[in-house]
Structures are given as C-alpha cells and as structure tokens.
Amino acid sequence: MDITEAINNRHSVRQYKDIPIGEDLKKQLNALVEECNQESGLHIQLILDDSKCFDVFMAHYGMKFRNAFNYLALVGKKDISDLDEKAGYYGEKIVLAAQQMGLNTCWVAGTFGKKKCRVEIAEDEKLVCVIAIGYGENQGKPHKSKPIEKLCKEDLSKMPDWFKAGVDAALKAPTAINQQKFIISMENDEAVIVAKSAAMAKIDLGIVKYNFEAASGHKVL
C-alpha cells in the first residue's frame, strides 16, 4: 500500500479486535515514533495494553470505543509555539504508516480520560491528544467533505497535477467533528494552507498539511 492508498483507505475506527499488536509492528511503530520525536522535538509515546485511557463515560456512550487498549499519546513542551500543529503533523505521519502496516486508528481529543492515561508528562509538557490504534473490527467509513470550492481558493483546472493531488488528500484528512476549518491556496508557486478559528483547528491544520505534502511531494507554507 503506497501513501496515496493509505490516505484513501484510512478512516476513523473506534471498535477494535481484542488482539495485541504484533512484536514486529511494535518495533516498527516505536522506531517511527523515535524518528518523529528526534525530528520534531515532541515526546510522542506509544502506549500498549492500557484499559483505562478510554474507560470514561463519553467513550462508551458517545464515541462507543471497544477494546481500545493501545494508543499514541501526542505530548510536547508547552513553550513550543506551534505545538498543536506539530502534534497533528507528526501524528498523521504515524497514522498513515500504521494504515500501511494493516492497523487502524482514531484521533481522540476529548473523549478520553487524560488523568487515567499511562503517559509520561513532564512539568513543562502538555498532552495534546491521543490516537487509538489497533486491529479494527471494520475499516471505518469515509467522512463527508465540504464542497471543494469552500476549502480551496484556486481553480483546479489551472493548477499543476501535484497541487490537485495535494488538495484531494487534504480533503480526505481527518478533522475534529469533521469541521474542515482550513483554506488552501497557491502563492508564488507554493501551496499555502491556513486554519480558520475553531477548537482544535491547529491540530487539524497539521494533519491536513501532512496529507497534502505526502500526496503531492511538495512542502506547504
């Protein structure tokens, strides 16, 4: 599965099989987590076999998580100016890699027990959000997207193929309550993506930027 296929096939999954992640995949995930931490300065952690993180009312009543015992904790220093965006960017990098490994994921910003999670957080650090990960009972469903003209300022018929590929991938990126609070444009032959004002929009911005870059092969300003 290449990265475009991973973007197309990856959907949020909240119900998981009661099967531990295999040792080989654990090693691959931990290596990728370490790589992302070295590159970003974040303190992302892969937490396995923790039954308490999603053992909260909303996780059972609203989001209906089942067998969500494994997760990625996106942690970073509070003084990182773009902490939320960076967490979204590198979290999505791991999410798509996990999809390529045959695993499923779900971004979770509110419906989990922050005080229950088995995460190491220093005094100067913040837990941004978590990502459930494991073998899904299903593959999830595609989310509905806003019309492309509401998310992209450009006439795609006049844009290069790499930009079109990036926009398509950006529209498929997961965002909080599917809000898609971002705008894509082209300035001086460079792609620009900015976030509108909304809760968790900066996390979403990082996710969307990674999808765009991974599919297009071009950096986003």
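A short reminder: the numbers here are calculations on the coordinates, not readings from a lab. This one's a predicted model, so the numbers in the text were calculated from it and none came from an experiment. All Cβ positions, glycine included, derive from the backbone under ideal geometry; neighbour counts span all protein chains shown.
Here are the numbers:
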read-out: Sequence-distant residues sharing a close amide H with E125 (under 5 Å, placed H); value: K78
read-out: Estimated FRET transfer efficiency (S185, D82; beta-carbon r; R0 25 Å; 0.05); value: 0.80
read-out: Binned Cα-Cα distance frequencies in segment 98-174 - 10 Å width, integer %; value: 13, 31, 28, 22, 6, 0
read-out: Whole-number percent relative contact order across the chain, with pairs defined as alpha carbons under 8 Å at least 6 apart; value: 26
read-out: For segment 199-204, Karplus couplings with θ = phi - 60° (6.51, -1.76, 1.60), whole Hz, Gly/Pro x; value: 4, 6, 5, 6, 4, 4
read-out: Förster radius 35 Å - calculated FRET efficiency between E39 and R66, Cβ distance, rounded to 0.05; value: 0.55
read-out: Reduced Cα scattering model of segment 1-104, Debye log10 I(q)/I(0), q = 0.10 Å⁻¹; value: -0.31
read-out: Fewest-first sequence of W107, W162 by Cβ atoms within 10 Å of each Cβ; value: W162, W107
read-out: Percent of C-alpha pairs per 10 Å bin, the chain, short to long; value: 8, 35, 37, 17, 3, 0
read-out: Difference of contour (0.36 nm per residue) and Cα-Cα distance, K153 to K141; value: 1.6 nm
read-out: ³J(HN,Hα), Karplus 6.51/-1.76/1.60, whole Hz, each residue of segment 18-35, x for Gly, Pro; value: 7, 10, x, 5, x, 4, 5, 5, 4, 4, 5, 5, 5, 5, 5, 4, 5, 4
read-out: Residue-averaged 222 nm ellipticity for the chain, from DSSP H runs of 4+ at -39500 (n - 2.57), nearest 500; value: -11000 deg cm²/dmol
read-out: Amide H contacts of G136 (H built 1.01 Å from N, under 5 Å, at least 5 apart or other chain); value: K17, N104
read-out: Cysteines without a disulfide-compatible neighbour (Cβ-Cβ under 4.7 Å), the chain; value: C36, C106, C129, C152
read-out: Sorted by Cβ density within 10 Å, fewest first, the residues T111, T4; value: T4, T111
read-out: Equivalent-ellipsoid semi-axes of segment 148-216, from the Cα gyration tensor, Å, largest first; value: 19, 12, 10
read-out: Ordering of 205-214, 46-55 by burial proxy (mean other Cβ atoms within 10 Å per residue, highest first); value: 205-214, 46-55
read-out: Cβ-based exposure ranking for V119, V194, V108, in which fewest neighbours within 10 Å come first; value: V194, V119, V108
read-out: Antiparallel DSSP beta bridges within segment 94-221, percent to nearest 5; value: 85
read-out: Integer Hz, Karplus 6.51/-1.76/1.60 couplings in order for segment 80-86, x for Gly and Pro; value: 6, 4, 10, 4, 4, 5, 5
